[in-house]
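Trainee: Sending over a structure as structure tokens; questions will come in a sec.
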Number of protein chains: 4
Amino acid sequence: MKSSVLLIHCPDQPGLVFKITQVVYRHNLNIISNGEFVERNFNHFFMRTEFSGAFPQQEFLEELRNSLPAAAVIRLNERQKRNICILATKEHHCLSDLLIRHAFQELDANIQCVISNYQNLEDLTNKFSVPFHFISHEGKSREEHEARVLDAIKGYAPEFLVLAKYMRILTPKFIDQFENRIINIHHSFLPAFIGANPYNQAYERGVKIIGATAHFVNSNLDEGPIIAQSVIPVAHTHSAKEMAQAGRDVEKIVLARSLKLVFNDQLFVYRNKTIIFD
Amino acid sequence: MKSSVLLIHCPDQPGLVFKITQVVYRHNLNIISNGEFVERNFNHFFMRTEFSGAFPQQEFLEELRNSLPAAAVIRLNERQKRNICILATKEHHCLSDLLIRHAFQELDANIQCVISNYQNLEDLTNKFSVPFHFISHEGKSREEHEARVLDAIKGYAPEFLVLAKYMRILTPKFIDQFENRIINIHHSFLPAFIGANPYNQAYERGVKIIGATAHFVNSNLDEGPIIAQSVIPVAHTHSAKEMAQAGRDVEKIVLARSLKLVFNDQLFVYRNKTIIFD
Amino acid sequence: MKSSVLLIHCPDQPGLVFKITQVVYRHNLNIISNGEFVERNFNHFFMRTEFSGAFPQQEFLEELRNSLPAAAVIRLNERQKRNICILATKEHHCLSDLLIRHAFQELDANIQCVISNYQNLEDLTNKFSVPFHFISHEGKSREEHEARVLDAIKGYAPEFLVLAKYMRILTPKFIDQFENRIINIHHSFLPAFIGANPYNQAYERGVKIIGATAHFVNSNLDEGPIIAQSVIPVAHTHSAKEMAQAGRDVEKIVLARSLKLVFNDQLFVYRNKTIIFD
Amino acid sequence: MKSSVLLIHCPDQPGLVFKITQVVYRHNLNIISNGEFVERNFNHFFMRTEFSGAFPQQEFLEELRNSLPAAAVIRLNERQKRNICILATKEHHCLSDLLIRHAFQELDANIQCVISNYQNLEDLTNKFSVPFHFISHEGKSREEHEARVLDAIKGYAPEFLVLAKYMRILTPKFIDQFENRIINIHHSFLPAFIGANPYNQAYERGVKIIGATAHFVNSNLDEGPIIAQSVIPVAHTHSAKEMAQAGRDVEKIVLARSLKLVFNDQLFVYRNKTIIFD
């Protein structure tokens, strides 16, 4: 039996858990997991409930709305594979990792297509029978290129866009069409080394640890809500290139981990931060 | 206002969260944090609720008992400093760390006394105005020594015993008097290197990572429920002695972290494992 | 210009570094990196020197032999891609990762073939144009099966065998033919959870950290020299299956990291431990 | 027998290791450990040799100078406890940790005194019979306060100053008197969260990992050469205050680890980075 995920957030007040679980109980649903969190700075309540069982969806949602404050945001998702498009540039490691997981049914998503501004990942993508769209940025303005990318995407109507080392900066206009639906992997431990060439920066600074950050993309570059981060130790013996090599393994694992959280509805985005139920 | 922690576990059935939060709501209590977990192998339900507010304790507990299955185990604790006795042997690092935290009000506990089978930590303990009991094991049977230790402890009636590198094996008879109330720090990443001299074992085996494990003590040596673990990388360049030195820093931090979880009622022990709400 | 790696180990005595670098200096070679280590328990000296430059190899080695104690073991390798055969069973994640790295020239090795006792990884392997040999173990004795595997391997004369989640135990007879040339990835943080189903064992034990270990295979199962280890935190919320999922990401990264060390001659094996120059 | 540490760096050229070890060999010294590194961007050579044995120091150094390029920087230190002064403000955790290690002979240093601009750590310091100087900054200009601090320090002529959560910014004039001799612990994973209140910044940014950085102090605040870094995971459930609490354990361990490297002459500082031999 399919399971459903109920995501509710609203200003905190007494009795919210009671009121929500009352509705769930009334419908005789079987709670698989339940998590709540109250953000104390803004006194904001978050609850994620995963349950199985048959129920009249409209009625269920209406009962919830009647029980909860008007400001409550209620989302109800069936656990199912999400449709995604992947954007890449030249580096293969994140795309490879996602294509492999996809091929072995480990991604919780259907990769509808791969879009790249270079051609070198076309062969790889084809091996896995995923459509590949080469959309060069050369000779095009940023807006023109984005318009072409958007055209390619629109046919698929994906739920999420995954930037698997897509090295082009997206315009706010583009981003606004996919609020909290674009996931990027940044090749550094944000907020350290914002911007380009973080491994060169890390090498220059002589850091002893490097990392990677998966985050939602918003209109402030590299400043969207962080989903997952991980690090590895480095030493003075590593060149910037070797740091980048080591970093790629971190990047692909962190990206995959963040996608698992996103695709399984395990997080909320609130005031540029993520609340995660793992 | 003081906060209270409600800990409930019982076989899972629908509606448990609803029934518990109903009682909390009825008493108009303010939930600070709430966590549930259902262990799926045995279908066992765990819930930890921290709340503030005044309430009639007897009535509250009775209502809970009436709402919940007869098998439910219900515990209600006020958040308060726990009384503890520390047992040590010769090594200072865990004891030092606890005495310092205690002196600066960071331990969530009152250290009532330190008991050791050696005298070398007496000066240290005295610096912090904590009573020190030297109870040598020499010339005594294990049972005689334990009886003397127990005598010293009994006067304090501590809630928990902390073994801060106490290198004597306790008898089941002793342990049974403090079920899930003795916390030990084991100088290895259990279950690797059970027993004595784990750093020598780690060195001999040529491992690349060493660790430490804080656990409750039960009658099977080194096999009680694990509370916290941590690791650090080591290399072939480290001698067994250097591994031990590096390991000590891990040990003291892991022990302190585990005590925070225990003293704040952030965990359940179930079937030799811990369920942790952090 | 190609670089060469000189690996020397022998009982320690004064002047070894001087004597070795004297020969290198005399041939006007350019040292790229140089590392020494003296194991203090057995007073054994290890030195790894990577250098570039043209030189008469025979003469160079003879001069070294004349300078060093008779017991010195001297190896001189050109930095080049190693020929390897991969053995796998049903799980794809380590094999996938190696095939991808291989396809993008990141492996420091030529994968000559993949051998498996199941067929489900054949399609994957074919995508990357690597020969796949299906050698079922069914209806065969261990010896018969191994003989067949060995036949397949022999045609390739590989330098190393990589066990990428190969779930069959190899006989000492087989292993002895590839001393320190078989690398295995063990799905646990050895020496914890030796043997089968380590994730089930980890789950049952309630550990808070799991890991993976890459090691050379010797005739004592799971007891060969450890090359690399890594860990990730887990929690009571993870099932044994989820621990295994999380563990797979660690396994593939640790295996790749260990192969980099092996294929680049960055390690010595001595008394069942590895001395690593990274 | 005491051991000595020889530290040499100079522009790279062929034969340096040979020339240095020749001198060591000629004096019949027993090498305990030996490490070299060539920085490839600037082609700069570093070598650290630890050895034991009696030798004529002047003659030894002269032979080295005659063998090596004129630009070579040669340092020869006996392994011995270093004299240090600790500067602190209000937070105790790093100071406590150092006082404890000092009391148990684990610091490789003599703490000559503690200087603070507050009085609250005086009792702690006194417990360990270390002189405490209270030098308030109130009503003084930065320069006046620094002059007073400098006066207190000068009497001790320490080799190193350790800033154990000293929350005052030092002037370049002060810093220049102690080039690469002031070690600071910064409560964040530099270069993330430079400046004040890093835990608040980390909380606001919603990072999933926090860290601490030990570094030499130069005249660019928070930008001196990094010696050691470490991190711990955090979650949305942690307040900025809880992140700070967790961070303190990382800070004290990282500071102690960095001091071990500094006091044992295990590092070079070169172009604002550290070369570490561990």
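Trainee: Put the label 7 Å from Cα along Cα→Cβ for D:ASN220; what are its distances to the other copies, in nanometres, shortest first?
Mentor: Spelled out, the distances from D:ASN220's label point are 2.4, 5.3, 5.7 nm.
Trainee: Roughly how many percent of the accessible protein surface of the protein assembly as shown is carbon and sulfur, given a 1.4 Å probe and a whole-percent answer?
Mentor: 47
Trainee: Please arrange A:LYS2, B:LYS173, B:LYS165 by accessible surface area, largest first, computed with a 1.4 Å probe and ligands excluded. Kindly include the intermediate steps, with their values, before the conclusion.
Mentor: Values: A:LYS2 120, B:LYS173 160, B:LYS165 5 Å².
Per-residue accessible area, sorted high to low, gives B:LYS173, A:LYS2, B:LYS165.
Trainee: Give me the 1.4 Å probe accessible area per residue for chain C, excluding ligands and nucleic acids, in Å².
Mentor: 40
Trainee: Now, a different point. Determine, for each peptide in D:185-197, D:85-97, the mean count of other beta carbons within 10 angstrom over its residues, then list the peptides with the highest first.
Mentor: Output ranking for D:185-197, D:85-97: D:85-97, D:185-197.
Trainee: So, with +1 on the Cβ of K and R and -1 on the Cβ of D and E, and no other charges, what is the size of the charge dipole of segment C:218-278 about its Cα centre, to the nearest 20 debye?
Mentor: It comes to approximately 40 debye.
Trainee: Inter-copy label distances at B:PRO233, 7 Å along the Cα→beta-carbon direction, one decimal in nm, shortest first?
Mentor: Ordered by distance, the counterparts are at 0.5, 1.8, 1.9 nm.
Trainee: Related question: How about segment D:109-213: which GluC sites (Glu not before Pro) there lie in a loop by DSSP and see at most 12 other Cβ atoms within 10 Å?
Mentor: Values: sites: D:GLU122, D:GLU138, D:GLU143, D:GLU144, D:GLU146, D:GLU159, D:GLU179, D:GLU204; in loops: D:GLU138, D:GLU159, D:GLU179.
Counting only loop positions with at most 12 other Cβ atoms within 10 Å, the GluC sites (Glu not before Pro) in segment D:109-213 are D:GLU138, D:GLU179.
Trainee: When only C-alpha pairs under 8 Å and at least 6 residues apart count, what is the relative contact order of segment A:158-210, in percent?
Mentor: Across segment A:158-210, relative contact order equals 33 percent.
Trainee: Once you have all Cα-Cα distances for segment C:130-177, histogram them in 5 Å bins from zero and send the whole-percent values.
Mentor: Cα pair-distance distribution for segment C:130-177, in percent: 4, 16, 33, 30, 14, 2.
Trainee: Also: Expressed as a fraction of 2.2 N^0.38 Å, the rule-of-thumb size for a compact globular protein of N residues, what is the C-alpha radius of gyration of chain B?
Mentor: Values: Rg = 20.6 Å, N = 278, 2.2 N^0.38 = 18.7 Å.
Dividing the Cα Rg of chain B by 2.2 N^0.38 Å gives 1.10.
Trainee: Inside 10 Å of the C-beta atoms of D:170-176, what's the mean count of C-beta atoms belonging to other chains? Numbers along the way, then the final one.
Mentor: On the way: counts 0, 0, 0, 0, 0, 0, 0.
Per residue, the number of nearby Cβ atoms from other chains is 0 on average.
Trainee: Can you work out D for segment B:1-46 in µm² s⁻¹ from Stokes-Einstein, where Rh is the Kirkwood radius over C-alpha pairs, the temperature is 4 °C and the viscosity is 1.567 mPa s?
Mentor: On the way: Rh = 11.8 Å.
Reported coefficient: 110 µm²/s.
Trainee: Run lengths n ≥ 4 of DSSP H only: what is the helix-derived mean residue ellipticity at 222 nm for the protein assembly as shown, with -39500 (n - 2.57) per run over all residues, to the nearest 500?
Mentor: Calculated at 222 nm, the ellipticity per residue is -9500 deg cm²/dmol.
Trainee: Please list, in order along segment D:158-170, the HN-Hα scalar couplings obtained from phi with the Karplus expression 6.51 cos²θ - 1.76 cosθ + 1.60 (θ = phi - 60°), rounded to whole Hz, x for Gly and Pro.
Mentor: x, 7, 10, 10, 10, 8, 9, 6, 7, 9, 9, 7, 8
Trainee: Which entries of D:LYS140/D:LYS273; B:LYS127/B:LYS252; B:LYS241/C:LYS273; B:LYS81/B:LYS154; C:LYS19/D:LYS260; D:LYS140/D:LYS165 have Cα-Cα distances beyond 25 Å here?
Mentor: As for pairs spanning more than 25 Å Cα to Cα, those are D:LYS140/D:LYS273; C:LYS19/D:LYS260.
Trainee: Computed from the mean reciprocal separation of all distinct C-alpha pairs, what Kirkwood hydrodynamic radius does segment A:137-211 have, in Å?
Mentor: Evaluated over segment A:137-211, this radius sits at 14.4 Å.
Trainee: While we're on this one: In nm, one decimal, shortest first: how far is the label point of A:LYS173 (7 Å from Cα along Cα to beta carbon) from the matching points in the other copies?
Mentor: Reported distances to equivalent positions: 5.6, 7.4, 8.5 nm.
Trainee: Something else: Just to verify a number: FRET efficiency for C:ARG65 and D:SER52, C-beta to C-beta distance, R0 = 25 Å, to 0.05?
Mentor: 0.30
Trainee: Moving on to the next point. Read phi for every residue in segment C:85-91 and hand back ³J(HN,Hα) as whole Hz from Karplus 6.51 cos²θ - 1.76 cosθ + 1.60, θ = phi - 60°, with x for Gly and Pro.
Mentor: 10, 9, 9, 9, 10, 10, 6
Trainee: Return the long-range amide H neighbours of A:ILE32 (sequence gap of 5 or more, or a different chain), with a cut-off of under 5 Å between placed amide H atoms.
Mentor: A:GLU50, A:PHE51, A:SER52
Trainee: Which of the listed residues, C:PHE132, C:VAL162, C:VAL234, is farthest toward the dipole's positive end in chain C, when Lys, Arg count +1 and Asp, Glu count -1 at the beta-carbon?
Mentor: C:VAL234
Trainee: State the residue of chain D whose Cβ is nearest the axis carrying D onto B, and the distance in whole angstrom.
Mentor: Here the nearest residue and distance are D:LYS127, 2.
Trainee: Can you work out D for segment A:69-203 in µm² s⁻¹ from Stokes-Einstein, where Rh is the Kirkwood radius over C-alpha pairs, the temperature is 10 °C and the viscosity is 1.306 mPa s?
Mentor: For the chosen part, D equals 98 µm²/s.
Trainee: Please compute the volume of the convex hull spanned by the alpha-carbon atoms of the protein assembly as shown and report it per residue in Å³.
Mentor: Enclosed volume per residue, from the Cα hull, is 208 Å³.
Trainee: Taking chain C as the reference, fit the longest principal axis to its C-alpha atoms, fit the long axis of helix C:16-26 to the helix C-alpha atoms, and give the angle between the two in degrees, 0 to 90, nearest 10.
Mentor: Its long axis makes an angle of about 70 degrees.
Trainee: Mind checking which of C:ARG142, C:ARG26, C:ARG168 has the largest fluctuation in a GNM of chain C, springs on alpha carbons under 10 Å?
Mentor: Between C:ARG142, C:ARG26, C:ARG168, it is C:ARG26 that shows the largest mean-square fluctuation.
Trainee: Find how many whole Å separate the alpha carbon centroid of segment A:61-81 from the alpha carbon centroid of segment C:138-162.
Mentor: Each part's Cα centre sits 59 Å from the other's.
Trainee: Could you list, bin by bin from short to long, the percent of Cα-Cα pairs of segment B:130-278 in 5 Å steps?
Mentor: In whole percents, the pair-distance histogram is 2, 9, 18, 19, 18, 16, 11, 5, 2, 0.
Trainee: Separate question: Could you size up the charge dipole of segment B:9-152 around its Cα centre, putting +1 on the beta carbon of Lys and Arg and -1 on that of Asp and Glu, and report it in debye to the nearest 20?
Mentor: Values: 15 positive and 19 negative charges, 59 e Å.
Result for segment B:9-152 is approximately 280 debye, rounded to the nearest 20.
Trainee: Restricting to Cα atoms and excluding each atom paired with itself, what does the Kirkwood estimate give for segment B:1-114 in Å?
Mentor: 16.4
Trainee: In Å², rounded to the nearest 100, what is the total accessible surface buried by chains C and D against each other with a 1.4 Å probe?
Mentor: Using a 1.4 Å probe on protein heavy atoms, the buried area is about 1400 Å².
Trainee: What are the residues of segment C:98-115 that lose 50 Å² or more of accessible area, with a 1.4 Å probe, going from their chain alone to all protein chains?
Mentor: The answer is C:ILE100, C:PHE104 - residues whose exposure falls by at least 50 Å² when every protein chain is included.
Trainee: Between the helical axis of C:93-103 and the dominant principal axis of chain C, each derived from Cα atoms, what acute angle in degrees is found, rounded to the nearest 10?
Mentor: 50
Trainee: Related question: Treating the angle as unsigned and between 0 and 90°, give the value, to the nearest 10°, between the Cα long axis of helix A:57-67 and the longest Cα principal axis of chain A.
Mentor: 70
Trainee: If you don't mind, another one. With the cut-off at 19 Å, report for segment A:195-278 the share of all Cα pairs above it, as a whole percent.
Mentor: 44
Trainee: In debye, nearest 20, what is the charge dipole magnitude of the protein assembly as shown about its Cα centre with +1 on Lys and Arg Cβ and -1 on Asp and Glu Cβ, if you could check? Intermediate values should be presented prior to the final figure.
Mentor: Numbers: 120 positive and 120 negative charges, 0 e Å.
Computed about the Cα centre, the dipole is about 0 debye.
The values are calculated or read from the model by the stated rules, or taken from the named source; none is laboratory data. Remember, it's a predicted structure, so these values are computed and weren't measured experimentally. Note: ideal-geometry Cβ built from the backbone for every residue, glycine included; neighbour counts use all protein chains shown. Accessible surface areas use protein heavy atoms only, side chains included; no ligands, DNA or RNA. Shrake-Rupley method; radii C 1.70, N 1.55, O 1.52, S 1.80 Å.
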